[in-house]
1. Can you pull out every residue in segment 167-220 that is assigned to a strand (DSSP E or B), open to solvent by 40 Å² or more (accessible area, probe 1.4 Å) and hydrophobic (A, V, I, L, M, F, W, C)?
2. So, of the residues in segment 136-151 that are among the hydrophobic types (A, V, I, L, M, F, W, C) and over 30 Å from Gly117 (Cβ atoms), which turns out to be least open to solvent (accessible area, probe 1.4 Å)?
3. Just one of (1) in contact (Cβ under 8 Å) with a residue 60 or more places away in the chain; (2) within 24 Å of Asn123 (Cβ to Cβ) trips up Tyr233, so point out which.
4. Tell me which strands (runs of 3 or more DSSP E) are completely within segment 232-313 and hold 3 or more residues being of a type in the set (D, E, K, R), or say none if there are none.
5. Restricting to segment 258-268, name every residue that is over 23 Å from Met224 (Cα atoms) and surrounded by fewer than 18 Cβ atoms within 10 Å (Cβ to Cβ).
6. Restricting the search to segment 152-166, which residues are in a strand (DSSP E or B), surrounded by fewer than 16 Cβ atoms within 10 Å (Cβ to Cβ) and not aliphatic (A, V, I, L, M)?
7. Kindly indicate whether Lys83 is among the charged types (D, E, K, R), free of Cβ contacts under 8 Å to residues at least 60 places away in the same chain, closer than 20 Å to Asn177 by Cβ and exposed (fewer than 15 other Cβ atoms within 10 Å of the Cβ).
8. Considering only segment 32-47, I want to know if a residue exists there that is touching a helix residue (DSSP H, G or I) at 6+ places or on another chain (Cβ under 9 Å), open to solvent by 40 Å² or more (accessible area, probe 1.4 Å) and either under 21 Å from Gly145 (Cβ atoms) or modelled with pLDDT of 55 or more (or both).
Amino acid sequence: MKKILILLSLLSSISFATKNDTCYLDTTHKTLSDWVYNTSNSLDLFFAKKDINSLRSTGSYLDLSLDSYLEERKKTNYRLNVKFRLKLPRTQKRLNIVFEDYKKTLSIDKQNSDTVGNSLENNSYILGIQMEKLKSKYMQANFGGGIRFNGISPDTYISIYIGKDFYNFSNWQLEFNNQVRYFAKRGLDNTANISLSKVLNQNIKFSFQNSYHFIKNRNRLNEMSNSFIVEQYVGKNRGFSYLASIYSFSDRDRNFKINYYLAKVTYKRYFYHNFAYYELSPGLIFRREDDFKPNARIVFKIGIFFGKTAHTAYKRFE
C-alpha cells in the first residue's frame, strides 16, 4: 500500500509540474526534436550527395522511458528504455541508424535493477545500421550490423530481418517476422514473432501474439511468450490494453516449463501534448517459484518522445 501511495503522489506531481513548467517543457522538447530531425537530415544528405525534397528524413525519433516495477514480496526494480532511430530515405540503400537498449529476454524481468542509476549502468546497448534491401506491400527484408556495448566489452554483430503480412476474407491479419543477430562473442540470437489480429471496430483491436527467442551464449536459452491482447481507444491521447500472457523457457539445466502466468490492464496517456506520456499497469502474476500463487503487481512507465511524428495512445483502428 505504501508503494501505491507513492506512485499516486508521483502521478499528481507530474500533472502539477506540467501545468507550471509548460514553457520549459515546450522549449526543451522543441530543441531536442529539432536536433533529431536536423541530425537525420544532415546525415541523409551527406550519404545521398543530393537533395531530394520529396524524401525528407521524416520518421526519425528518440523515445526515452523509465519503468518502475512494484510487486508483492519483491524489491522495487527499474529499467531505463532507450530507442533512437535516424531514417535516411535519400540514400540508395535506404539506411537507418539505430541506437537502443538491448533486451536479452522475452521475460518481463528484463535485466531490471534496484536503482535507476544501476539500470543505466547494467543495460546493454546496440549501435547499428539497417539497410532496407527489399520493401513491398506485403514483405520487408532488412540487413545490417553494428556493435553491442556492455561495459568495456563491445561485441560486434550482423543482422537479418524478414517480415511478411497475410490477409484473409474475414479481415484477419497474420503477421510474421524473424530477426537474426549473430554476435562475435555471444553467438546466435534469433527472435521469431507470429501474430493474428483483427480490428473489431474503429475503437477496439484484438490480437494473439506469439514469440520465440533463442540465444546460444553459454546456456542455450529457449523461451516462448504467448499473449492475448485487446487494445481500446477511449479518447484523444488515451487508451487501454488488456493482456493475458504465458511465459516459458528452457536451458542446459532445465527442461521447457511454464515460468509464469500474467494478467494485466494498461492505461496509457499522453499527459502533455503528444510527447510526454505515462503508463500504469496493475495486474496479477502467478510465478512457478511461488507455486503459482497470485502476486499483485504494478508497473509504472513515464516517458518522453522527441521527433516530428505525432503519437497518440491507441489511435482509432480502420
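The values are calculated or read from the model by the stated rules, or taken from the named source; none is laboratory data. All figures in this text were calculated on a predicted structure; none of them were measured in a lab. Every residue, glycine as well, gets a Cβ built from its backbone with ideal geometry; the counts of neighbours run over all protein chains shown. To get the accessible areas, we keep the full protein, side chains included, count just its heavy atoms, and leave off ligands, DNA and RNA. Shrake-Rupley method; radii C 1.70, N 1.55, O 1.52, S 1.80 Å.
1. Within segment 167-220, Leu174, Phe176, Val180, Leu188, Ile194, Leu196, Val199, Leu200, Ile204, Phe206, Phe208 meet the criteria.
2. Just the residues of segment 136-151 that are among the hydrophobic types (A, V, I, L, M, F, W, C), to begin with: 139, 141, 143, 147, 149.
In the following step, the residues that additionally are over 30 Å from Gly117 (Cβ atoms) were identified as 139, 141, 143.
Details: Met139: 66, Ala141: 11, Phe143: 77 Å².
Per the criteria, the residue is Ala141.
3. (2)
4. Values: elements: 238-250, 257-272, 276-287, 294-307.
Because the criterion is at least 3 residues that are of a type in the set (D, E, K, R), the strands (runs of 3 or more DSSP E) in segment 232-313 that meet it are 257-272.
5. As a first pass, look at segment 258-268 and keep what is over 23 Å from Met224 (Cα atoms): 267-268.
Passing the criteria: only Tyr267.
6. Passing the criteria: Thr156, Lys164, Asp165, Phe166.
7. On the way: among the charged types (D, E, K, R): yes; free of Cβ contacts under 8 Å to residues at least 60 places away in the same chain: yes; closer than 20 Å to Asn177 by Cβ: yes; exposed (fewer than 15 other Cβ atoms within 10 Å of the Cβ): no.
In short, no.
8. Here is the first cut: in segment 32-47, the ones touching a helix residue (DSSP H, G or I) at 6+ places or on another chain (Cβ under 9 Å) are 44.
The next check asks that each one be open to solvent by 40 Å² or more (accessible area, probe 1.4 Å); those that pass are none.
Taking every residue of segment 32-47 in turn, none turns out to be touching a helix residue (DSSP H, G or I) at 6+ places or on another chain (Cβ under 9 Å), open to solvent by 40 Å² or more (accessible area, probe 1.4 Å) and either under 21 Å from Gly145 (Cβ atoms) or modelled with pLDDT of 55 or more (or both).
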